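Engineer: My questions will all concern the structure given below.
The values are calculated or read from the model by the stated rules, or taken from the named source; none is laboratory data. Source: prediction; values computed, not measured. Cβ coordinates were reconstructed from backbone atoms using ideal geometry, including for glycine residues, and neighbour counts include every protein chain displayed. Heavy atoms of the whole protein, side chains included, go into the accessibility calculation; ligands, DNA and RNA do not. Shrake-Rupley method; radii C 1.70, N 1.55, O 1.52, S 1.80 Å.
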Amino acid sequence: MTKKIAVLPGDGIGPEIVAEAVKVLEALRDRFGLKVEMEHGHIGGAGYDAAGHPLPDATLALAKAADAVLLGAVGGPKWEALPIAVRPEKGLLGIRKGLELFANLRPAQVYPQLASASTLKPEVVAGLDIMIVRELTGGIYFGQPRGIRNNAQGEREGFNTLVYSENEIRRIAKAAFDIAMKRNRKVCSIDKANVLECTELWREIVTDVATGYPEVELSHMYVDNAAMQLVRNPKQFDVMLTDNMFGDILSDEASMLTGSIGMLPSASLDANGKGMYEPIHGSAPDIAGQGIANPIATILSVSMMLRYTLNEAALADRVDAAVSKVLDQGLRTVDIWTEGCKKVGTAEMGAAIVAALD
Ligand code: NAD
């Protein structure tokens, strides 16, 4: 059956990098039998300009009707003076909520060709391939009660609530184990079960979910140790399963191990495997319109879409291999360029990856 993809380029470099990712999808459709159709929509500042709202009704309807969403990035100086309710970022939060995307997947992968771009020693990060699976719609960022109040001593105090239901833990744990089955079959669940009851329950439920995945090796680690291990010996990890706040912090730490923001894709999934796929970087207004942005993070987002929503693992492998091949050829956009390599623009990089799909 033909799958529908909603394509939302957004703002800044969004349209430039998404155009290259679309070329990859078109090549897979025309040359490798991928059955997809694409429809474009506006989001972010582009949504505001086109329809007066960062998430126009038509865009949300398009995304809801699609099997997957490919997003560029939103935001930029042009829209910074707008009221908060119609700022570009509201479009992003709105679509995540509207599609009930509770599982955030952030891979941190270091291509051997780019190992020197990391601030860590190349031997520590070369070949690194971690997937952080972060719970995205619960935990302390959403828990009630919350606020700032006066305590009995008449002093102000701030308070938040860390709360997870069994069901919320179970569904994110399942997502992590399902992903591990498509990778190296190791899950490390991150918690602070020695001091937080909520994460004691987290550990109990994750352990229970693991019984349904006998082929996956489960370990548990306290979050403080995990933060340390990520810089000490990051290659010990395959899938890291985290709650919302721990994942927020650890995924940024892990992405910086790679040293190149223009290389990192992400996915956010709902309970049925439908997903929104986007690079982790923003709209890079400083280089927008110059044709020099790195399209690889967006192209690798297509690879994740193939793997996690379209169930086309062989085509995902093909895209990954094409990216690796082009790096082997010494082609580099300005953000990853080093002496001795060939500097290319966005479209040239995209075209080289499309050519390398064969
Ligand atoms: P940014 O990620 O856009 O840019 C940070 C730096 O990285 C810039 O120097 C930029 O040129 C560079 N960079 C980013 N992507 C690149 C690429 N593909 N190729 C080459 N260089 C790249 O972050 P920022 O500057 O903090 O934010 C700019 C705008 O993006 C803001 O409006 C912000 O709100 C928005 N933003 C959007 C998202 C999103 O859409 N998911 C995420 C983060 C920031």
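Engineer: Hey, could you grab the Kirkwood Rh for the range 159-235? Inverse mean 1/r over distinct alpha carbon pairs, Å, one decimal. Display every interim value, and only then the final one.
Structural biologist: Working: mean 1/r = 0.0759 Å⁻¹.
Kirkwood radius, the range 159-235: 13.2 Å.
Engineer: Starting from the eigenvalues of the Cα gyration tensor, five times each then square-rooted, give me the equivalent ellipsoid semi-axes of the range 234-345, largest first, whole Å.
Structural biologist: 25, 18, 15
Engineer: Once the dipole of the range 1-81 is set up with Lys and Arg at +1 and Asp and Glu at -1 on Cβ about the Cα centre, which of V74, L28, T59 lies farthest towards its positive end?
Structural biologist: About the Cα centre, the residue reaching furthest to the positive side is L28.
Engineer: For the range 45-86, what value does the Rg/Rh ratio take when both radii are computed over Cα atoms and Rh is the Kirkwood radius, given to two decimals? It would help to have the intermediate numbers written out before the result.
Structural biologist: Values: Rg = 11.4 Å, Rh = 11.3 Å.
My calculation puts Rg/Rh at 1.01.
Engineer: Do the alpha carbons of any pairs in K274/K325; K35/K64; K23/K235; K35/K182 sit beyond 25 Å of each other, and which pairs?
Structural biologist: On the way: K274/K325 29 Å; K35/K64 19 Å; K23/K235 33 Å; K35/K182 22 Å.
Where the Cα-Cα span goes over 25 Å, the pairs concerned are K274/K325; K23/K235.
Engineer: Moving on. Please pull out the direction-averaged projected area of the range 108-260, using the convex hull of its alpha-carbon atoms, in nm² to one decimal place.
Structural biologist: 10.5
Engineer: Quick one: putting +1 on the C-beta of Lys and Arg, -1 on the C-beta of Asp and Glu, what dipole do you get for the range 108-260 around its Cα centre, in Debye to the nearest 20?
Structural biologist: 300
Engineer: With springs only between Cα atoms under 10 Å apart, run a GNM on the chain and tell me which of L34, L264, L136 wobbles the most.
Structural biologist: Of L34, L264, L136, the most mobile in the Gaussian network model is L34.
Engineer: Give the carbon-plus-sulfur fraction of the accessible surface of the chain in %, rounded to a whole number; probe 1.4 Å, heavy atoms of protein chains only.
Structural biologist: Summing carbon and sulfur atoms, their accessible area is 52 percent of the total for the chain.
Engineer: May I pose another question? What percent antiparallel are the DSSP beta bridges of the chain, to the nearest 5?
Structural biologist: Percentage antiparallel, nearest 5: 40.
Engineer: Calculate the translational D of the chain in whole µm² s⁻¹ from Stokes-Einstein, where the hydrodynamic radius comes from the Kirkwood formula applied to all Cα pairs, the temperature is 37 °C and the viscosity 0.692 mPa s. Could the numbers behind the result be given before it?
Structural biologist: Working: Rh = 21.1 Å.
So the translational diffusion coefficient is about 155 µm²/s.
Engineer: Given axes a ≥ b ≥ c from the Cα gyration tensor, I'd like to know whether the range 19-108 is rounded (a/c under 1.5), prolate (a/b larger than b/c) or oblate.
Structural biologist: prolate
Engineer: Could you work out the per residue convex hull volume over the alpha carbons of the range 84-147, in cubic angstrom?
Structural biologist: 171
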